[in-house]
1. Starting from region 107-133, keep only residues that are among the basic types (Lys, Arg), then list their pairs with residues that are part of a helix (DSSP H, G or I) whose Cβ atoms are within a distance under 7 Å, requiring at least 6 positions of separation or different chains.
2. Pick out the one residue from ALA61, ALA50 that is under 30 Å from GLY18 (Cα atoms), surrounded by fewer than 17 Cβ atoms within 10 Å (Cβ to Cβ), modelled with pLDDT of 90 or more and among the small types (Gly, Ala, Ser).
3. I want to confirm something. Restricting to region 118-140 and keeping residues that are β-branched (Val, Ile, Thr) and under 25 Å from the mean Cα position of the chain (by Cα), which single residue is nearest to CYS170 (Cα to Cα)?
4. Among the residues of region 28-35, is any surrounded by 16 or more Cβ atoms within 10 Å (Cβ to Cβ), under 25 Å from LEU11 (Cβ atoms) and more than 16 Å from the chain's Cα centre (by Cα)?
5. Where residues in region 6-19 are of a type in the set (D, E, K, R) and exposed (fewer than 15 other Cβ atoms within 10 Å of the Cβ), which of them is nearest to SER52 (Cα to Cα)?
6. Of the residues that sit in region 136-154 and are among the charged types (D, E, K, R) and under 13 Å from TYR110 (Cα atoms), which one is surrounded by the most Cβ atoms within 10 Å (Cβ to Cβ)?
7. Quick one: LEU254 ticks every box in (1) touching a residue at least 40 places away in the same chain (Cβ under 8 Å); (2) open to solvent by less than 40 Å² (accessible area, probe 1.4 Å); (3) not in a helix (DSSP H, G or I) except a single one, so which number is it?
8. Can you name the residue in region 270-320 that is β-branched (Val, Ile, Thr) and within 23 Å of ASP243 (Cα to Cα) and, of all such residues, is farthest from the chain's Cα centre (by Cα)?
Amino acid sequence: MKILEVDKLNLGFDCENGFRQALWDVSFSLESGSIHALVGESGCGKSISAMSILGLLPKKARVLSGIITFDGKNLLELSNKDFQHIRGKRIALIPQDPMTSLNPLFTIGYQLLEVIRIHQSLTGKEAYQKAVEALEAVQIPSAKERMQAYPHELSGGMKQRAIIAMALACNAEIIIADEPTTALDVTIQAQIMDLINEIKNEKNTSVLLITHDLALVREQADFVSVMYAGRIVESAPAKEFFDNPRHPYSIALLNSIPENRGRILDTISGQPPSIQQDISGCRFHPRCKSAMKICSEKVPDNYGISKSHFSACFMNKGNV
């Protein structure tokens, strides 16, 4: 069952030289109790897509069209007051950098209790007990003592666990994990992802995982959407995606994973375009080794590889 659906989201920014579009017809859905990975290089539009769901867009951002459906409502039409009943309570965010996501002037307990008071309407001993239980649920030892700790007294992994505890405390139905392991070492990365997976299984929580780590996606995701320069260029169930990638960008990303010893590591020449660059046709064609004449002239549709696998590449036209 779909718990969240993003349909043809178009968004851009008012810049000094005029309006520049950043997202084109971005569409994906999140199934209840699943992990949907949104992958791609930095600057491809992953985080701004997620912030659109939460209604946390920069002042200069402007939504042109699209629908984001959650609980029968279009989130793009909600007022900020209405959003307060959803943001943090029903849709929670695990931000990119745990080092800067907590206020250094307040204890972990104070910040956790603030979330509980606002979204759970609990106070006193009941709120305190809920906070301690949330810290224990994310395997923070000596939870009661940690309530009195300031962020600088915790390691990076413990800070990330505290942030996850804030999402757990409100029993959020959806967790948006925006590169939740980027600032952590490999061992802690595995622990954090195991924790997120455990939460998903125990509480049937849905997770939108934003990452550029395809090895992580292979291990954790149920479904994959690949973004490039503001567009979804391929989407498929995770197993099918890794067994049969069809878009040249997806193939190039997978070939750049340093997993096979003795093999020369492939790279993708150039960089993703900025929103200031005007590129006709497929926006990947300047970097694509398989580019044809039509690629610079027309934007490809999402062609079906199977019932649940789509690729925006002319080479896949006529598959299904």
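The values are calculated or read from the model by the stated rules, or taken from the named source; none is laboratory data. Quick caveat: nothing in here was measured; it's all calculated off a predicted structure. Neighbour counts run over all protein chains shown; Cβ positions are idealised from the backbone, glycine included. Keep in mind that these areas ignore ligands, DNA and RNA; they rest on the heavy atoms of the full protein, side chains included. Shrake-Rupley method; radii C 1.70, N 1.55, O 1.52, S 1.80 Å.
1. If the second residue must be part of a helix (DSSP H, G or I), the pairs left are ARG117/ALA127; LYS130/ILE116; LYS130/GLN120; LYS130/ALA169.
2. Details: ALA50 fails: surrounded by fewer than 17 Cβ atoms within 10 Å (Cβ to Cβ).
Residue meeting the stated conditions: ALA61.
3. ILE118
4. Checking region 28-35: not a single residue is surrounded by 16 or more Cβ atoms within 10 Å (Cβ to Cβ), under 25 Å from LEU11 (Cβ atoms) and more than 16 Å from the chain's Cα centre (by Cα).
5. Start the filter on region 6-19 by keeping residues that are of a type in the set (D, E, K, R), which leaves 7-8, 14, 16.
Going one step further and asking which of them are exposed (fewer than 15 other Cβ atoms within 10 Å of the Cβ), we end up with 8, 14, 16.
Working: LYS8: 12, ASP14: 16, GLU16: 22 Å.
Step by step, filter region 6-19, then rank; the result is LYS8.
6. Here the residue is ARG146.
7. With (1) touching a residue at least 40 places away in the same chain (Cβ under 8 Å); (2) open to solvent by less than 40 Å² (accessible area, probe 1.4 Å); (3) not in a helix (DSSP H, G or I) applied to LEU254, the lone miss is (3).
8. The first filter runs over region 270-320 and keeps only residues β-branched (Val, Ile, Thr), leaving 275, 279, 294, 299, 305, 320.
Of the ones still in play, those that are also within 23 Å of ASP243 (Cα to Cα) are 305, 320.
Details: ILE305: 24, VAL320: 29 Å.
So the residue we want is VAL320.
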